[in-house]
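Worksheet for the structure shown next.
The values are calculated or read from the model by the stated rules, or taken from the named source; none is laboratory data. Keep in mind that this is a model prediction, so the values were computed, not measured. Here the Cβ positions follow ideal geometry from the backbone for every residue, glycine too, while neighbour counts run over all protein chains shown. To get the accessible areas, we keep the full protein, side chains included, count just its heavy atoms, and leave off ligands, DNA and RNA. Shrake-Rupley method; radii C 1.70, N 1.55, O 1.52, S 1.80 Å.
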Amino acid sequence: MRVALVPDVAAAAAAAGSSGSRTFMPNSVAAATKLRSMQSSNSVLMVAPTAFGFNEQAAQDNSFMHAAEKPQQHSSLTAQVCAEFAELHRQLADVAGVNVKLFQHHLSHGTPDAVFPNNWFSTHGAGEAAGGVSQPTLVLYPMKCPNRAAERRPEVIQVLRQAGYERVVDMTGHEQHDKAYFEGTGVLVLDRVNGVAYVALSERADRGLAEQWVSSLGYKELVTFSSADCRGKPVYHTNVMMAIGTDVAVVCADSVPDAKERQHLLSKLSSSHEVVQISSAQMDALCGNVLELQGGKGLPVMAMSSQAYHAFTPEQRSVMRRHVAELVHAPIDTLERVGGGGVRCALAELF
């Protein structure tokens, strides 16, 4: 297991603040601490994959998944995924200093994908979106697959409600009312500082619900587009093709076939972030499924899988290191192959 460290954090900060060699306008370094607290969190909720297995329902439109055994007792697949998850948890909690709120699930819950909690809820701190979010907010989302909707367990929701969120936005009724879905920060990739929501439209990301979300949360702008993977299939979640940190963004622009949509996406990202463009093959290796977090020393880290880490080029890793103190990674190959999601999918930020 390797964790790449910035050799000189001060130099990294200076590089992040230098405008002489850049064409974009970075967020103010003088306000870096405040901005990072808006964009990324030191606390996350994770669900150990204690009843993990191949989810046939989700596989209908997730081409990143590969068939394997279904959830069952004494499963060798579950044991392997739990071992991978334990190392990811160690890297985040013990090495990076991220505060992890850990839950588990059981076969009786019927939730084989519970390890990906960011799809059914999100949290938002007061002042997010350039002040658009006026009070601490918890959002609950409508899920396409019934066994994913079941991940919204009452006891977990109760814990979240008790954490001090003054406002709860419950969008789950759309599952039954109009068969419309909007799967949390799977479909939402957020610039929490500037109040821009990016959404790749799909069966799991309804345009009308995206517009409703932006209006309800007080965000300033919605950027929508269509995206396809290297097999020509619609990208099921935005967070497999792009990610946004405080000052750096990762995106697979090649996955956006419409030239105008692609140009608008890149133009909007580059106006506030240094952009790392990845290829469709790198997206397939889940290089887009990364997440900026706050480490225990108050410095940002970028969390990713080892597959993604090694798929990034040295030059791309160098760009990211200008903006974060560590690139934290763990090998979760089985989870990625069978579950079709990476490290970002396994992390639900708590703001």
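If a residue counts only when it is touching a Ser or Thr at 6+ places or on another chain (Cβ under 8 Å), modelled with pLDDT of 95 or more and open to solvent by less than 10 Å² (accessible area, probe 1.4 Å), which helices (runs of 4 or more DSSP H) contained entirely in region 256-340 have at least 1 such residues?
Numbers: elements: 259-270, 280-284, 306-311, 314-321, 333-339.
In region 256-340, 280-284 are the helices (runs of 4 or more DSSP H) which contain 1 or more residues that are touching a Ser or Thr at 6+ places or on another chain (Cβ under 8 Å), modelled with pLDDT of 95 or more and open to solvent by less than 10 Å² (accessible area, probe 1.4 Å).
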- Task: Answer yes or no: is there a residue in region 122-129 that is over 23 Å from Asn239 (Cα atoms), out of contact with any Ser or Thr (no Cβ under 7 Å at 6 or more places or on another chain), without any contact (Cβ under 8 Å) to a residue 40 or more places away in the chain and of a type in the set (A, V, I, L, M).
- Result: no
- For region 209-216, does any single residue satisfy the condition of being closer than 27 Å to Glu175 by Cβ, open to solvent by less than 10 Å² (accessible area, probe 1.4 Å) and within 16 Å of the chain's Cα centre (by Cα)? no
- Keeping to region 218-251, report how many residues are out of contact with any strand residue (DSSP E or B) (no Cβ under 7 Å at 6 or more places or on another chain) and either closer than 26 Å to Ser318 by Cβ or part of a helix (DSSP H, G or I) (or both). 2
- Pairs where the first residue, in region 278-292, is at positive phi and hydrophobic (A, V, I, L, M, F, W, C) and the second is in a helix (DSSP H, G or I) and surrounded by 24 or more Cβ atoms within 10 Å (Cβ to Cβ), C-beta under 7 Å, 6+ apart: Leu286/Val240; Leu286/Ala308; Leu286/Glu336
- Query: Residues in region 85-102 that are touching a strand residue (DSSP E or B) at 6+ places or on another chain (Cβ under 7 Å) and either of a type in the set (Phe, Trp, Tyr) or in a helix (DSSP H, G or I) (or both): how many?
  - Reply: 9
